[in-house]
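Notes follow the structure.
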Ligand code: NAP
Ligand code: HSE
């Protein structure tokens, strides 16, 4: 091959990173694939926009068909975002026998299985390493590096924006809105950051990770989701006082072939390996029956880190082209999906309760927990400014989710309990 031509769908934060990595690492790419890589066309929304890279404006187009139907383009790199329209573009590209590399977790979490099967029917590669945890090669590690093992647990900080927000709120006492604006300016957040802060972005990544790690088709709807929008400075202060760090944790656990997958703000014991992952950094903890504990750490968002994963996928496609094995690497899931019931899901829980400050209240609260088989690991009571009102802050030992939901219902029914102010899952340390 004289050269490989790439068509870009999108030339924003990640697209510009891709152009830079290809330009700056051209020698290394040449060495690995034996010919230069050229960007032939790039689909954008606005041709005259100021961009982070100098590109010849003649390669920019507003017409998707200039990229999707160009017979000289071998590989499509999709870094534009969106779901439905992008799915149609990629179907069109694959039907034209073009290989696809995408960073789009929104798309892959919903239409991944369908697109992967279309790609393999057309002898095309469809790689999506950049869709989870930006620059960390976690998907390849699950599929190739840990191919011989049986993975039973994955815990991840897989959203850079929320980790950045929680870190700055905790360490610098800054407000949620102030830090979110900074995360947007730095290019970590999605165009609409609702999916970041609401936990949906992390849930999409956990659906992709658990599908690959557990070899089971886990849909986005199977992931229980709670975001960080209701986390307050007071919650973070109490967390610190109790020796915990708050993180938005993606949790995927398999026991006896049944799985649970969730994304929620979680209090981690300060000694937990994920508690020291700060700012926009991501990390994924993976437990395999044979290998034991492993940790993958790195930048989870941003143009250049994400672009390294995209361009590494490009190299993978090009190596497959040389070997004539495109479309042969995707393996369909081995197991049927079995989800755990709430009585099979166990955790410790942190709660803040606003109560009447009078005789017998603590006893009535305690009896709700003991009736439902949950005991306390830590308890604290503070007076509130309002007269004769107090705040009880507590952490339980392990309890089932079914029992915990019953506890919450019974607490809300107690006359002396005015408000269940916040509740969080707690991970790490002893049961
Ligand atoms: P971005 O900065 O908003 O860039 C999107 C690009 O796509 C822009 O160049 C835009 O054109 C173009 N575009 C968007 N909609 C289009 C449409 N309908 N028709 C034509 N062009 C369109 O987004 P990004 O941050 O690079 O993210 C791109 C993808 O990578 C997303 O799927 C995102 O979830 C994923 N991702 C991002 C990161 C990150 O850190 N940013 C990390 C991992 C994965 P104009 O420039 O003309 O507006
Ligand atoms: N908005 C995403 C994040 C980008 O903050 O992690 C990387 O997928």
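Taken together, the values in this text are just the output of simple stated rules run on the coordinates, not laboratory data. In this text the structure is predicted, and so the values were computed from the model without any measurement. Cβ: placed from backbone, ideal geometry, glycine included. Neighbour counts: every protein chain shown.
Quick check on the range 264-318: take the gyration tensor over C-alpha atoms, sort the square-rooted eigenvalues as a ≥ b ≥ c, and tell me if it's rounded (a/c under 1.5), prolate or oblate.
The shape class here is oblate.
Can you tell me the equivalent ellipsoid semi-axes for the range 31-184? Use √(5λ) from the Cα gyration tensor, largest first, whole Å.
Numbers: eigenvalues 186, 120, 46 Å².
Taking √(5λ) for each Cα gyration eigenvalue gives 31, 24, 15 Å.
Quick check for you: which residues of the range 228-271 have the amide N under 17 Å from the point 7 Å beyond the Cα of residue 335 toward its beta carbon?
Residues passing the 17 Å test: 251-262.
Rounding to the nearest 10 and keeping the result within 0 to 90°, find how far the Cα-based axis of helix 401-413 lies from the longest principal axis of the chain.
Taking Cα atoms only, the helix is inclined about 50 degrees.
Using a simple spin-label model with points 7 Å from Cα along the Cα→Cβ vector, what separation in nm is obtained for residue 144 and residue 408?
4.2
Rounding to the nearest 10 and keeping the result within 0 to 90°, find how far the Cα-based axis of helix 303-323 lies from the longest principal axis of the chain.
For helix 303-323, the angle is close to 50 degrees.
If we count other beta carbons within 10 Å of each Cβ, what is the order of 127, 350, 242, fewest first?
Ordered from fewest to most neighbouring Cβ atoms within 10 Å, 127, 350, 242 come out as 242, 350, 127.
I'd like to know how the range 163-299 sits against the 2.2 N^0.38 Å rule of thumb: what's its Cα Rg over that expected value?
Computed over Cα atoms of the range 163-299, the ratio equals 1.07.
Run the paramagnetic zone check for residue 172: 7 angstrom along Cα to Cβ, then residues of the range 263-307 with backbone nitrogen under 17 Å.
Flagged as within label range: 278-281.
How much length, in nm to one decimal, is gained on full extension between residue 398 and residue 54, taken as 0.36 nm per residue of separation minus their Cα-Cα distance?
Details: separation 344, 0.36 × 344 = 123.84 nm, distance 5.59 nm.
Extra length from residue 398 to residue 54 when fully extended: 118.2 nm.
Over the alpha carbons of the chain, what is the largest minus smallest coordinate on each principal axis, giving the biggest first in Å?
In descending order, the Cα extents are 83, 46, 33 Å.
Taking each pair of different alpha-carbon atoms in the range 91-247 once, compute 1/r for the pair, average those values, and report the inverse of that mean as the Kirkwood hydrodynamic radius in Å to one decimal.
Computed over Cα pairs of the range 91-247, the Kirkwood hydrodynamic radius comes out at 17.2 Å.
If r is the Cβ-Cβ distance from residue 221 to residue 45 and R0 is 25 Å, what FRET efficiency results, to the nearest 0.05?
0.20
For 409, 321, what's the fewest-to-most ordering of other Cβ within 10 Å of each Cβ? Provide the component values of the computation, followed by the final result.
On the way: 409 12, 321 17.
With the fewest neighbours first, 409, 321 line up as 409, 321.
For the peptides 47-53, 226-232, 13-19, what is the packing order when you average, over each peptide's residues, the other Cβ atoms within 10 Å and list the highest mean first?
Sorting 47-53, 226-232, 13-19 by mean packing, highest first, produces 13-19, 226-232, 47-53.
7 Å from Cα along Cα→Cβ at both residue 241 and residue 289: what's the point-to-point distance in nm?
Calculated label separation equals 4.5 nm.
Could you let me know the centre-to-centre spacing of the range 318-383 and the range 59-96, using Cα atoms, in angstrom?
Here the answer is 40 Å between Cα centres.
So how much slack lies between residue 354 and residue 65, counting 0.36 nm per residue of separation and subtracting their Cα-Cα distance, in nm?
Length gained between residue 354 and residue 65: 98.1 nm.
Please state the relative contact order of the range 363-431 as a whole percent: Cα pairs under 8 Å, 6+ residues apart?
28
Report the full-extension gain for the segment residue 379 to residue 364: residue separation times 0.36 nm, less the Cα-Cα distance, to one decimal in nm.
Full-extension gain reported as 4.0 nm.
Using a Gaussian network model of the chain whose springs link C-alpha atoms within less than 10 Å, name the residue from 357, 222, 54 with the highest mean-square fluctuation.
54
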